[in-house]
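Q: Quick one: structure below, then a few questions.
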Amino acid sequence: MAMVDEPLYPIAVLIDELKNEDIQLRLNSIRRLSTIARALGEERTRKELIPFLSENNDDEDEVLLAMAEELGVFIPYVGGVEHAHVLLPPLETLSTVEETCVRDKAVESLCRIGAQMKENDIVDYFIAVVKRLAAGEWFTARVSSCGLFHIAYPSATDPLKTELRTIYGQLCQDDMPMVRRAAASNLGKFAATVEQSHLKTEIMSIFDDLTQDDQDSVRLLAVEGCAALGKLLEPQDCVAHILPVIVNFSQDKSWRVRYMVANQLYELCEAVGPEPTRADLVPAYVRLLRDNEAEVRIAAAGKVTKFCRILSPQLAIQHILPCVKELSSDSSQHVRSALASVIMGMAPVLGKDATIEQLLPIFLSLLKDEFPDVRLNIISKLDQVNQVIGIDLLSQSLLPAIVELAEDRHWRVRLAIIEYIPLLASQLGVGFFDDKLGALCMQWLEDKVFSIREAAANNLKRLAEEFGPEWAMQHIIPQVLEKINNPHYLYRMTILQAISLLAPVMGAEITCQKLLPVVINSSKDRVPNIKFNVAKVLQSLVPILDQSVAEKTVKPCLVELSEDPDVDVRYYANQALQACDQIMMSS
């Protein structure tokens, strides 16, 4: 419906709806605020609608959340940027409610409005809101104020800036941990707007207080501040102020703080630069890799490749590799899994010799891990190692393990191996593939799990594309066609699926001579599921075959199936016949 045709709701109706007991009605009327504002015009919106919303003390968080969101985009309806300040009172009220998501949305809307306000309006109105919230009796107001300083500060006069910095310092020492948490998490944003001279003095002393807070939930947010402040400071100041904090945090008594350091370590390294990283952060990282809490080791193990990229190969081999060896036999399967997902990326960093000597034994032990996720993570990244050590060594050392995994009891591991086979085949070359992996590919066609059989059929198609139809004619087609006589109908169905996938790769001649007779023969099968799959396969083969073959061989078979006693067989046969006719007519 066009906006013009929308009913112009008078304010009285809105007031009634906003006081209605039905929450849905109240929500709908809040979401229609922009329509109502257009109907009232800018002046009445400022004088009637906004004051009414300021007084509206709805107790449903959903309604308040919708209001906080709507008011954030309300500047055009109150007469543009000059009048934006009228939106501050209702949002200030919303910033003090108990529900966190409402407060967060109100702060987001205040920031959006503040970013568009004129400088003198920010000084006159916005900073007053920030100061009132920061001095609020209830902690919720003080929490909300922390997210507004970075908008207020750049436009403030010098005396006001000093006052704002002092207030922020007080918030960082508030009695309530929730307020200190909010101050810690917003410190980076606020610091980005503060002048360099004050940054080194006041902001850094505020930061020091937060890093020594007795609540671990505040300290772990200060870890994020390390990276943010590090990017703002000069390199030498960063080394002097931030580096000791990171080193201390890496030995913090709370595992949550150590976990945060492990998670953020790469960003922290970028902040302090390569030299201090090598001297001071390598020992800290080694400590985290050997932490007594599994969660910390998981976070640290997941960053091992990124961290090694910053170091020289010698340092990585000397300090990090011994820890990696320990982690590869860690008591926690999740630590080993995190390591397995990134360890392959270390091969290009360490170079060929170190990979062969040091990393290969670790890969092999992880490939034989009892936990399937660990094995999966290694398999999926094997190509990164191949680029470094070359195919000969890969085939000697890792291939026996791959062959073993091809018969893994966890079907997801078998599936990962199958999906990796075409890549492995293209790297190994045809001769090697025939010797070692050819038999495996056939074996999977008779797996107990359908997903494996399906992937095996797709795998054969990809191999035929890789090595060409002539190779496939010798090495794939005879073995596949042999299996059509399997006593179990599910395996016969897999062969039909493989035929339909291979036919487009093999071309019309081979399909006609070798594949089609097998499919036609299967139409006499006693299992209806096989027969309707025959109809589907024949439908897929028609575009590949010559028209005369389709007329003489395919259509009679489909006509016969369309008279089958089974309803599903008849349905698919008729569908295939219709498709045949359409293809023939169009050709």
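The values are calculated or read from the model by the stated rules, or taken from the named source; none is laboratory data. This is a predicted model, so every value here is computed, not measured. Cβ sites come from the backbone with ideal geometry, for glycine too, and all protein chains shown count toward neighbours. Just the protein is used for accessible areas: all its heavy atoms, side chains included, with ligands, DNA and RNA removed. Shrake-Rupley method; radii C 1.70, N 1.55, O 1.52, S 1.80 Å.
Q: Just add up the charged neighbours of Tyr259: K/R +1, D/E -1, any other residue whose Cβ is under 11 Å from the Cβ of Tyr259. Let's see the in-between values first.
A: Numbers: positive: Arg256, Arg258, Arg297; negative: Asp216, Asp252, Asp291, Glu293, Glu295.
Around Tyr259, the charge tally is -2.
Q: Still on this structure, please answer the following. Using a 7 Å offset from the Cα along the Cα-to-Cβ direction at both Gln24 and Ile583, what is the distance between the two label points in nm, to one decimal?
A: 5.2 nm
Q: Whole number in Å², please: accessible area per residue of the chain, 1.4 Å probe, ligands, DNA and RNA not counted.
A: Working: 26300 Å² over 587 residues.
For the chain, the per-residue accessible area is 45 Å².
Q: Run the simple label-point estimate for Glu465 and Val403 please: 7 Å along Cα→C-beta, distance reported in nm.
A: 2.8 nm
Q: Which percent of Cα pairs goes in each bin when the distances of segment 474-516 are cut into 5 angstrom slices starting at zero?
A: In whole percents, the pair-distance histogram is 5, 24, 33, 24, 10, 4.
Q: Ignoring ligands, DNA and RNA, what percent of the accessible area of segment 506-586 is carbon or sulfur (1.4 Å)?
A: Details: 2040 of 4190 Å².
Reported share for carbon and sulfur atoms: 49 percent.
Q: Taking Cα pairs under 8 Å and at least six residues apart, what relative contact order does the chain come out at, in percent?
A: Reported relative contact order: 5 percent.
Q: Per residue, what volume in Å³ does the Cα convex hull of segment 28-71 take up?
A: Expressed per residue, the convex hull around the Cα atoms of segment 28-71 is 59 Å³.
Q: Count the net charge of all other residues whose Cβ sits under 14 Å from the Cβ of Leu220, scoring Lys and Arg as +1 and Asp and Glu as -1. Please report the intermediate quantities before stating the final value.
A: Numbers: positive: Arg180, Arg181, Arg219, Lys253, Arg256, Arg258; negative: Asp213, Asp214, Asp216, Glu224, Asp252, Glu293, Glu295.
Neighbour charge sum, excluding Leu220 itself: -1.
Q: Then there's this: Binning at 10 angstrom from zero up to the longest distance, how are the C-alpha pair distances of segment 398-542 distributed in percent?
A: Bin by bin from 0 Å, the calculated values are 11, 43, 34, 11, 1.
Q: Right, something else. Compute the signed sum of charges (Lys and Arg +1, Asp and Glu -1) over the other residues within less than 10 Å, Cβ to Cβ, of Trp411.
A: That works out to +2.
Q: Could you tell me the extents of the chain's C-alpha atoms along the three principal axes, largest first, rounded to whole Å?
A: Principal-axis extents of the Cα atoms in the chain, largest first: 92, 73, 36 Å.
Q: So if I take the alpha carbon set of segment 146-247, get Rg, then get Rh from the Kirkwood formula, what is the Rg over Rh ratio?
A: Ratio of gyration radius to Kirkwood radius: 0.94.
Q: Specify the inter-centroid distance of segment 92-112 and segment 161-181, based on alpha-carbon positions, in whole Å.
A: Between the Cα centre of segment 92-112 and that of segment 161-181, the gap is 18 Å.
Q: Report, ordered by chain and residue number, the aspartates and glutamates lying within cross-link reach of Lys555, taken as a straight Cα distance under 12 Å and ignoring same-chain residues fewer than 8 apart.
A: Asp581
Q: Same structure again: Could you calculate, for segment 506-586, the ratio of the Cα radius of gyration to the Kirkwood radius, expressed as Rg to Rh? If you can, show how the numbers build up before the last one.
A: On the way: Rg = 11.7 Å, Rh = 12.4 Å.
The Rg/Rh ratio comes out at 0.95.
Q: Right, next: Grab the Cα-Cα distance for Glu446 and Thr166, subtract it from 0.36 nm times how many residues apart they are, and report the gain in nm with one decimal.
A: Contour length minus the Cα-Cα distance gives 93.4 nm.
Q: Would you kindly state how much longer the chain becomes between Trp138 and Asp16 on full extension, computed as 0.36 nm times their sequence separation minus their alpha carbon distance, in nm to one decimal?
A: Here the segment from Trp138 to Asp16 would lengthen by 40.8 nm.
Q: Taking square-rooted eigenvalues a ≥ b ≥ c of the alpha carbon gyration tensor, is segment 223-353 rounded, prolate or oblate, where a/c under 1.5 means rounded and, failing that, a/b exceeding b/c means prolate?
A: Since a/c reaches 1.5 but b/c is at least a/b, the shape of segment 223-353 is classed as oblate.
Q: For the pair His334 and Asp568, what calculated FRET efficiency results from E = 1/(1 + (r/R0)^6), where r is the Cβ-Cβ distance and R0 = 41 Å, to the nearest 0.05?
A: With R0 = 41 Å, the Cβ-Cβ based efficiency is 0.35.
Q: Relative contact order of segment 506-586: what whole-number percent is it, with Cα pairs under 8 angstrom and at least 6 residues apart?
A: Once normalised by length, the contact order is 31 percent.
Q: Let's test the formula: R0 of 60 Å, r as the Cβ-Cβ distance of Ser217 and His488. What FRET efficiency results, to the nearest 0.05?
A: Details: r = 59 Å, r/R0 = 0.98.
Using R0 = 60 Å, I get an efficiency of 0.50.
Q: Something else about it: Exposed loop sites here are GluC sites (Glu not before Pro) in DSSP loop states with at most 16 other C-beta atoms within 10 Å. What is the longest stretch of the chain lacking them?
A: Numbers: sites that count: Glu21, Glu60, Glu98, Glu99, Glu137, Glu195, Glu293, Glu370, Glu407, Glu563.
Segment 408-562 is the longest.
Q: For the chain, which longest stretch is free of loop sites, where a loop site is one of the trypsin sites (Lys or Arg not before Pro) that DSSP puts outside H, G, I, E and B and that has at most 10 other Cβ atoms within 10 Å?
A: Segment 1-252 is the longest.
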